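Peer 1: Quick one: structure below, then a few questions.
FYI, it's all coordinate maths here, none of it is from the lab. Just so we're clear, the structure is a prediction, and the values are computed from it rather than from any experiment. Counting neighbours? That spans all protein chains shown, and the Cβs are built from the backbone with ideal geometry, glycine included.
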Amino acid sequence: MRIRSGGPQYFLLLGGAAALTIISIAKLPPPAEIVKAPSTPFDRNPATAAASDYRLFQMAAAAIPAGATVSPVSQPRNAVRETSLGREAVGLLPRCRVLPAAAWDTATHLEDQAKFLIVAGPRPSNPPGDLILETPEGTVWRRRRP
Amino acid sequence: MRPGHLWLVSLACCPLAGWPLLAHAGYKRFSRPCRAGLAAAVGSVLVSGWMTFFALAGIAWRPAAIVVLAGLTAFLLRFLPLEDSSEPAAPPEFPARRAERLAPGVAVISVIAAFAATASAAATSPDLLFFWGPKAQAFAAARTVDTSFLREPFLEYMHASYPPLVTNLYAFASIAAGRFAWGAATFVFPLCLAALASALPGLLRTATPRGTAWAASALVVAAFGFLGNEVDVAGNGEPWLWLFETLATALLVGGAATTGAGQLLAGLLLAGAVSTKVEGLPFAVAAAILFLAIRRRELRIGRAAGFLLLPGVVSLGAWFAFGASRRLFYGYEQYGSFLDIHWNELARVLSSIASALWSAGWTLPWLLPVAALLAAPGKTRLAALPLILAAVLTGFFVFTYLHLPDSSRWIEWSAGRVFSPLLALLAIASVCVRQQSG
C-alpha cells in the first residue's frame, strides 16, 4: 500500500497544526524575557494579584516561625479577596497553621486568633501589632495578644 | 542539583518503571520513541497506583520502594497472555516524503513553544496554587495521603475524594526533591506534551497511513500546546488527562487494540484517566463499552473486557477503599443532588460554553479537527468510537454545569480546559478512514 498524503484532510491537519503553532509562538513574550527566569510562576497570570501574593507569602514564610498561627488579610478588607489569600497561604506557608480570615467569600473572623497577620496591600493605618516585615506587596505583623 | 531540577528529574522514574512492560515483544510494532512515551504514561499509572496502595495499607511512601514495585509490576504484566497469533503485521514503510516530514517538525516546535510559555510563567494554572500543589505538599510532608489535612473544615474546597494520580506524583517528586517546587510543577505541561508527541504518531500509524497519522498527531500536539497557554493548564491535571485519554483512544481505534498487549496498554491508560480527574471515569467506562461493542467481531470479549477494565477498577477501587477505610469519603462529591438539575439554565449554559470556547483561541483548536473530520474521505465505523466519546464527555460536562442555579462564572474559567480533550477525539475520528492505494 502506498502512502497518500495529500488532499483537503491532510492540508487541514498539517496546515491547522502549523497555524496553531505560529499563533502560539506569536503569543510568547520576547526571547530575552523567556530566558530570564520569572520571579514567580504567576508573573504572567491573568489574575494580576497572583504574582504579588506569591512574592508576599514567600517573603513572609521566611519571617514567620514554623508552627505559628497566621492569618492573611487584605487592605482594605474584602472577604472575596481574603478567601483567595487564605487559599494561597495554605500552599505557600506549609510550615504554619493558616487561619483564613474568610472562606467561601464570607468573613470567619479567625484572624483574631492568629499570632501573625499578613496584610496584602497598603500598610494599615492602625498597626495590628509589631511590624516584622514590609515589602512592596504588603506587611507582616506579630500580634501582641493573639 | 537544585530542588526544582531534582523535582523534575525524579519524574524520569515513571518511564523507567513502565519500560519493562513496553519492552515486551507485543509492543515491538511501535517505534522506540512511541514506546518511550507510552512507558512514561504507564509508569506514571503504576507509580501512582502503588502510592495509593501504600496509603491504603498505612505504609509510609518511600520513592525507591515505590519505583521498584512499579517496575516489578510492569515486568510481571509481561506474563499475561499478551501475544496474539492473529496480530497483524506492521504495515510496510516507505521513505518519508518532504511534506510528511513537516508534521513531526511542527509537533516538535509546538512542544518547544509550550516549554517557552511555561518557562516565562505564561501558562501557570491558578489551581496549582489553590488545589494540586498544597495537597501534594501536605502529602509529601506526611509521606502518605494526609487525612488530617483533608479533614480540615476550611480546606473543603480541596475535594478530599478527588482522584489521586496528580497529587501522588507531585508528592513523589517533592519527597525526592526535599520540597514542593512550584515552578518545576508547571513544566509537567510541556513534559506531558512531549510524551504525547512521542507516542501518538506511532499509535495512529496502526490506524491510518503514516502521513495522515503524523499530520493528525501534529495537530493534536499543536492544539494542546496552544490551548495550554490560552487556558493556563501548567501544573494542573489537564496535561495528564490529555496524555492518557488521547493515547487510549488512539490505541482503541488502531490495529494493536485487537491484541492482548494493546488491550492491556489501553486498560492501563484508561486507569490513568480515571485516576487523574473525575471526568476520566465516564470517559473510561464509555471508551471500554464502545470498543467492545464496535469491535466485538475482532475480539475475545471476556479477555478484552478484563484487560480494559481491571486496571481502572483496581486503581479507583484502591482509592475509594482508602477513603472508606478512613471514613473520609465513600464516592465522589457532588454539586448538589444528582438529579437536581436546573433545566431552565440549559440555554445559558450552552451559550456560556460557546463563549468560553470562543475566547480560547476563537474555537480554532476544536474547529480545525472538525474541519479535518468533515474533509476526511470514506470514514469507517471506528470513527464512531471517538465521536461518541466526545458526545458522552460533552453530555457529562453540560449535566454537571446544570447543577448550579447560575454556573456562568464556573464555565468561564473551566470550560476551555475541560472541553480540551475533545479536540483530540475529533482529530482521531478524522483519521478513521478507509486506507487508499495509489
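Peer 1: Under a straight-distance cross-link criterion of Cα-Cα below 28 Å, which lysines are reachable from A:Lys27, leaving out those fewer than 8 residues away in the same chain?
Peer 2: Reachable lysines: A:Lys36.
Peer 1: Which value, in nm² and rounded to one decimal, describes the direction-averaged projected area of the C-alpha convex hull of the protein assembly as shown?
Peer 2: Values: hull surface 105.5 nm².
So the Cα hull casts an average projection of 26.4 nm².
Peer 1: Moving on to the next point. State, to one decimal in nm, how far the label point of B:Ala99 lies from the label point of B:Glu333, with both points 7 Å from Cα in the Cβ direction.
Peer 2: Using points 7 Å along Cα→Cβ, the separation is 5.3 nm.
Peer 1: Further question on the same structure: Would you please give the residues with an amide H less than 5 Å from that of A:Arg97, counting only those at least 5 places away or on a separate chain, with H modeled from the backbone geometry?
Peer 2: A:Gly67, A:Ala68, A:Thr69, A:Val70
Peer 1: As a footprinting exposure proxy, order A:Val80, B:Val220, B:Val47 by other Cβ within 10 Å, with the fewest listed first. Walk me through the numbers before you get to the answer.
Peer 2: Values: A:Val80 12, B:Val220 31, B:Val47 26.
So the residues, fewest neighbours to most, are A:Val80, B:Val47, B:Val220.
Peer 1: Going toward the positive end of the dipole of region B:1-141, with +1 on Lys and Arg Cβ and -1 on Asp and Glu Cβ, which of B:Ala116, B:Leu128, B:Ala55 do you reach last?
Peer 2: Ranked along the dipole, the leading option is B:Ala116.
Peer 1: Also, quick follow-up: Take the Cα atoms of region B:309-403, find their three principal axes, and give me the spread along each one in whole Å, biggest first.
Peer 2: 52, 36, 24
Peer 1: A further question on this structure: Cα to Cα, under 13 Å, and not fewer than 8 places away if on the same chain: which aspartates and glutamates meet these conditions relative to A:Lys115?
Peer 2: Of all the aspartates and glutamates, those that pass the test against A:Lys115 - Cα under 13 Å, at least 8 places apart if same chain - are A:Asp130.
Peer 1: Whole Å is fine, so just give me how far the alpha carbon centre of region B:387-403 lies from that of region A:16-73.
Peer 2: Their Cα centres are 32 Å away from one another.
Peer 1: Of the options B:Gly317, B:Gly306, B:Val274, report the single residue whose Cα projects farthest towards the positive end of the charge dipole of region B:258-352 (beta-carbon charges: Lys, Arg +1; Asp, Glu -1).
Peer 2: About the Cα centre, the residue reaching furthest to the positive side is B:Gly306.
Peer 1: For peptide B:125-135, how many partner chain Cβ atoms fall within 10 Å of a residue's Cβ, on average? Write down the numbers at each step before the final one.
Peer 2: On the way: counts 3, 8, 0, 3, 15, 6, 3, 1, 5, 9, 2.
Across the residues of B:125-135, the mean count of other-chain Cβ atoms within 10 Å is 5.
Peer 1: Now a separate question. Where the Cα atoms of chain B are projected onto their three principal axes, how long is each span, largest first, in whole Å?
Peer 2: 65, 52, 44
Peer 1: Same structure, new question: What number, in percent, do you get for the relative contact order of chain B if the mean sequence gap of Cα pairs under 8 Å and at least 6 apart is divided by its residue count?
Peer 2: On the way: 729 pairs, mean separation 84.2, N = 438.
After rounding, I find 19 percent.
Peer 1: To the nearest 20 Debye, how big is the dipole of region B:119-206 about its Cα centre, given +1 on the beta carbon of each Lys and Arg and -1 on that of each Asp and Glu?
Peer 2: In total the dipole reaches around 240 debye.
Peer 1: What fraction of the DSSP beta bridges in the protein assembly as shown is antiparallel, stated in percent and rounded to the nearest 5?
Peer 2: Values: 13 of 21 bridges.
Bridges in the protein assembly as shown are about 60 percent antiparallel.
Peer 1: Take the alpha carbon gyration tensor of region B:203-265, find the square roots of its eigenvalues, order them as a ≥ b ≥ c, and report rounded if a/c is under 1.5; if not, report prolate when a/b exceeds b/c, else oblate.
Peer 2: Numbers: a/c = 4.83, a/b = 1.57, b/c = 3.07.
Here region B:203-265 falls in the oblate category.
Peer 1: Based on alpha-carbon centroids, what's the gap between region A:78-103 and region B:3-21 in Å, whole number please?
Peer 2: 32 Å
Peer 1: Taking the Cα atoms of region B:1-86, report the difference between the largest and smallest coordinate on each principal axis, in whole Å and largest first.
Peer 2: Result, largest extent first: 46, 32, 13 Å.
Peer 1: Note down the net charge around B:Ala222, summing +1 for each Lys or Arg and -1 for each Asp or Glu among other residues with Cβ under 15 Å from its Cβ.
Peer 2: Values: positive: A:Lys27; negative: B:Glu230.
Here the count lands on 0.
Peer 1: Semi-axes of the equivalent ellipsoid of region B:1-149: what are they in whole Å, largest first, if each equals the square root of 5 times a C-alpha gyration tensor eigenvalue? The partial results should precede the final answer.
Peer 2: Working: eigenvalues 218, 135, 26 Å².
Semi-axes from the Cα gyration tensor: 33, 26, 11 Å.
Peer 1: Put +1 on the Cβ of every Lys and Arg and -1 on every Asp and Glu Cβ in chain B; which of B:Ile388, B:Phe338, B:Ala215 then has its Cα farthest towards the positive end of the dipole?
Peer 2: Farthest towards the positive pole: B:Ala215.
Peer 1: What is the list of residues in region B:388-410 whose amide nitrogen lies under 13 Å from a point 7 angstrom out from the Cα of B:Ser355, following Cα to Cβ?
Peer 2: Flagged as within label range: B:406-410.
Peer 1: Which of rounded, prolate, oblate describes region B:286-353, given a ≥ b ≥ c as roots of the alpha-carbon gyration tensor eigenvalues and a/c under 1.5 marking rounded, otherwise prolate only if a/b is larger than b/c?
Peer 2: On the way: a/c = 3.88, a/b = 1.27, b/c = 3.06.
Cα axes put region B:286-353 in the oblate bin.
Peer 1: Suppose every Lys and Arg Cβ carries +1 and every Asp and Glu Cβ carries -1, with no other charges. What dipole size does chain B come out with about its Cα centre, to the nearest 20 debye? If you can, show how the numbers build up before the last one.
Peer 2: Working: 30 positive and 20 negative charges, 252 e Å.
I would put it at about 1220 debye.
Peer 1: Same structure again: Can you list the aspartates and glutamates whose alpha carbon sits under 19 Å from that of B:Lys28, skipping same-chain ones fewer than 8 residues off?
Peer 2: Hits, sequence-local ones excluded: B:Glu83, B:Asp84, B:Glu87, B:Glu93.
Peer 1: Based on the Cβ-Cβ distance of A:Thr106 and B:Gln435, what FRET efficiency does E = 1/(1 + (r/R0)^6) give at R0 = 60 Å, to the nearest 0.05?
Peer 2: For R0 = 60 Å, the calculated efficiency reads 0.50.
Peer 1: Given axes a ≥ b ≥ c from the Cα gyration tensor, I'd like to know whether region A:56-146 is rounded (a/c under 1.5), prolate (a/b larger than b/c) or oblate. Provide the component values of the computation, followed by the final result.
Peer 2: Values: a/c = 1.28, a/b = 1.11, b/c = 1.15.
Note, shape of region A:56-146 comes out rounded.
Peer 1: Take B:Tyr330, B:Tyr401, B:Tyr27 and order them by how many other Cβ atoms sit within 10 Å, fewest up front. Walk me through the intermediate numbers first.
Peer 2: Numbers: B:Tyr330 9, B:Tyr401 25, B:Tyr27 22.
Lowest count first: B:Tyr330, B:Tyr27, B:Tyr401.
Peer 1: Return the sequence-ordered ³J(HN,Hα) values of region A:47-63 in whole Hz as given by the Karplus equation 6.51 cos²θ - 1.76 cosθ + 1.60 applied to θ = phi - 60°, using x for Gly and Pro.
Peer 2: 6, 4, 6, 4, 5, 5, 4, 4, 4, 4, 5, 5, 5, 5, 4, 7, 9
Peer 1: Distance between the C-alpha centers of region B:172-220 and region B:254-272? Whole Å please.
Peer 2: Between the Cα centres of region B:172-220 and region B:254-272 lies a distance of 18 Å.
Peer 1: A further question on this structure: I want the local charge near B:Trp240. Using Cβ-Cβ distances under 14 Å, sum +1 for each Lys or Arg and -1 for each Asp or Glu among the other residues. Kindly include the intermediate steps, with their values, before the conclusion.
Peer 2: Details: positive: B:Lys277, B:Arg417; negative: B:Asp127, B:Glu238, B:Glu245, B:Glu279.
For residues surrounding B:Trp240, the net value is -2.
Peer 1: Going by how many other Cβ atoms sit within 10 Å of their own, how do A:Val140, B:Val67 line up, fewest first? Please report the intermediate quantities before stating the final value.
Peer 2: Working: A:Val140 25, B:Val67 21.
Sorted ascending by nearby Cβ count, the order is B:Val67, A:Val140.
Peer 1: Round to the nearest 0.05 the FRET efficiency obtained for B:Ile341 and B:Leu374 when R0 = 25 Å and r is the Cβ-Cβ distance.
Peer 2: Values: r = 32 Å, r/R0 = 1.29.
Calculated transfer efficiency: 0.20.
Peer 1: Please average, across the residues of B:204-213, the number of beta carbons from any other chain that are within 10 Å of each residue's own beta carbon, and give a whole number.
Peer 2: On the way: counts 0, 0, 0, 0, 1, 6, 3, 7, 8, 3.
Partner Cβ neighbours, averaged per residue: 3.
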